[in-house]
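Working notes, beginning with the structure itself.
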Amino acid sequence: MTKDRWVLLRRVDSYDHAAMDAVVTEGFELLGRSPAGRVLIKPNVVFANRNYSQHAFTHPDLVGTVADRVRSFAGVTDLAVGESGGFAIPTRLNFKESGYYDMGRTHGVPVIDFNEDTSVKVRLNRGVCHKTLLCPRLIHDADFKIWMPKLKYHICCEITNALKLNIGSLLHKERMLFHDDRLNDKIVDILEVGYPDLVVTDAVIIGHGFESCAKPFHLGLVMVSNDPVAADVVAAQILGYRPEEVHHLRIASERGYGSIDPASVRVLGDVGIEELAERTAGIESQFQDMQKLDTPIRFYEGIGPNTGRICYGGCMAAVKGSLGTIDARRPGSLKNAKEGAIVTGVYEGDVDAGSGVCLLIGDCTEVKGTIRAGRTKRVKGCPIGAVQLTSVLPFVFGMPSPLLDARDVPLVVINSIEKFVNKVRNRAF
């Protein structure tokens with residue numbers, strides 16, 4: 001990778017169109033070439049809920065600003081916004097809850113769920129886990145790709161920015177494949193088909209805690225880069241990590257996607273990494289370390305029986321996601337939960353659930369020690385999804401369940417039906 005790799009950091013205090021457009025325009029000037037042909041904008045719309053999750057997604061006003069700027073280039077023949085949101089929730093529902101369909105109508109750009117569109121099976125030359133992928137048509141056919149991540153801390157992958165954004169390139173049917181102790185390898189596999197020409201990061205308000213129901217922190221920044229690895233090198237430092245501490249970033253470098261030495265990246269703009277890192281230094285990102293949660297539930301994380309490694313992207317990630325959603329929807333749910341214990345993997349040692357339930361999560365989970373509990377219960381699966389656990393954890397530990405929400409459950413059903421109908425229609429025509 002011998003190209004000039006740069007990251008532009010500009011202060012943008014709010015989602016003001018003029019301020020955002022100035023940064024985006026400068027980014028295209030630095031890029032030195034104009035978008036042409038079929039252009040795809042891929043934001044992060046992993047999850048959205050009008051009542052309790054409004055800081056997990058790339059702000060639609062920034063996406064609309066980029067779309068307007070792209071349309072100003074004469075060589076652009078087609079423009080679309082595409083995404084595949086979190087597993088088991090219809091992406092079209094996330095689009096509605098986040099205001100993306102409204103943005104699309106305002107700016108004249110189609111907003112498309114990859115799962116409702118057609119796809120192309122592609123073979124990967126660098127893939128370690130994925131040897132083939134069902135690549136969404138919009139990604140496969142794009143002549144120019146603009147990735148627009150939301151800068152956030154991540155519960156099991158340190159940060160989410162340009163590289164982690166590619167999980168949303170997967171169709172739901174392949175999303176959970178290798179979503180276990182191989183998650184960071186999986187992220188880098190997808191980079192082969194999801195390598196952007198330009199990265200525009202929404203860091204006006206960044207997220208911490210559980211990234212799909214992120215808590216907000218005002219950073220007042222928009223980042224633009226011509227290289228996804230360079231973008232993540234800078235993003236990692238802003239969030240307080242050395243680049244080599246972000247596992248998927250280190251793996252990407254090892255596979256030849258570019259150096260992660262900070263000195264290899266040219267940083268431009270009106271604010272420095274050091275100042276931004278000082279501002280984020282006091283953030284305690286909940287759910288990265290379950291032992292720091294204020295709850296009577298105790299957590300015991302063991303290793304995989306066949307790998308000898310902690311399955312960070314598997315069952316415990318689902319536990320974090322489920323509890324993060326429950327507590328975001330009804331703050332204080334974790335603090336007021338019934339006592340008990342959650343175990344994942346093969347745990348060497350004793351487990352204390354008090355008088356409550358010891359919940360063994362996953363097919364491989366076992367305790368090589370003594371269990372002290374009122375009773376023991378197992379939830380089967382490998383890996384288990386957060387939605388599946390959300391049907392269990394609230395009732396075991398006495399917390400309010402999102403699955404009983406009178407507003408949200410009908411919306412999931414209705415949008416699932418709409419997704420099916422639209423998928424059939426798109427495949428037919």
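The values are calculated or read from the model by the stated rules, or taken from the named source; none is laboratory data. Computed from a predicted structure; not experimentally measured. Glycine also receives a Cβ, built like all others from the backbone with ideal geometry; neighbour counts cover every protein chain displayed.
Brief remarks follow.
- Filter pass, I417 being surrounded by 13 or more Cβ atoms within 10 Å (Cβ to Cβ) and outside any loop (DSSP other than H, G, I, E, B): no
- None of A337, A328 is of a type in the set (A, V, I, L, M), surrounded by 14 or more Cβ atoms within 10 Å (Cβ to Cβ) and part of a helix (DSSP H, G or I) except A328.
- Number of the exception - G220 against (1) more than 15 Å from the chain's Cα centre (by Cα); (2) surrounded by fewer than 24 Cβ atoms within 10 Å (Cβ to Cβ); (3) farther than 30 Å from P331 by Cα: (3)
Let's see how each residue does on (1) more than 14 Å from Y153 (Cα to Cα); (2) out of contact with any Ser or Thr (no Cβ under 8 Å at 6 or more places or on another chain); (3) of a type in the set (A, V, I, L, M, F, W, C); (4) not in a helix (DSSP H, G or I):
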residue	(1), (2), (3), (4)
Y241	no, yes, no, yes
A263	yes, yes, yes, no
L268	yes, yes, yes, yes
E275	yes, yes, no, no
E278	yes, yes, no, no
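- Residue within the range 289-308 that is modelled with pLDDT of 95 or more, hydrophobic (A, V, I, L, M, F, W, C), farther than 27 Å from H17 by Cα and assigned to a helix (DSSP H, G or I) present: no
- Top-ranked residue in the range 258-298 [being among the small types (G, A, S) and crowded, with 17+ Cβ neighbours inside 10 Å; ranked as nearest to P243 (Cα to Cα)]: G258
- Single residue of I206, I167, I187 found to be closer than 21 Å to A318 by Cα, of a type in the set (V, I, T) and surrounded by 23 or more Cβ atoms within 10 Å (Cβ to Cβ): I187
- The listed residues are L40, L30, L93, and the only one of them that is aliphatic (A, V, I, L, M), in contact with a helix residue (DSSP H, G or I) (Cβ under 6 Å, 6 or more places away or on another chain), modelled with pLDDT of 95 or more and part of a helix (DSSP H, G or I) turns out to be L93.
- Any hit, the range 98-115, residues being over 26 Å from D227 (Cα atoms), in contact (Cβ under 8 Å) with a residue 60 or more places away in the chain and not in a strand (DSSP E or B): yes
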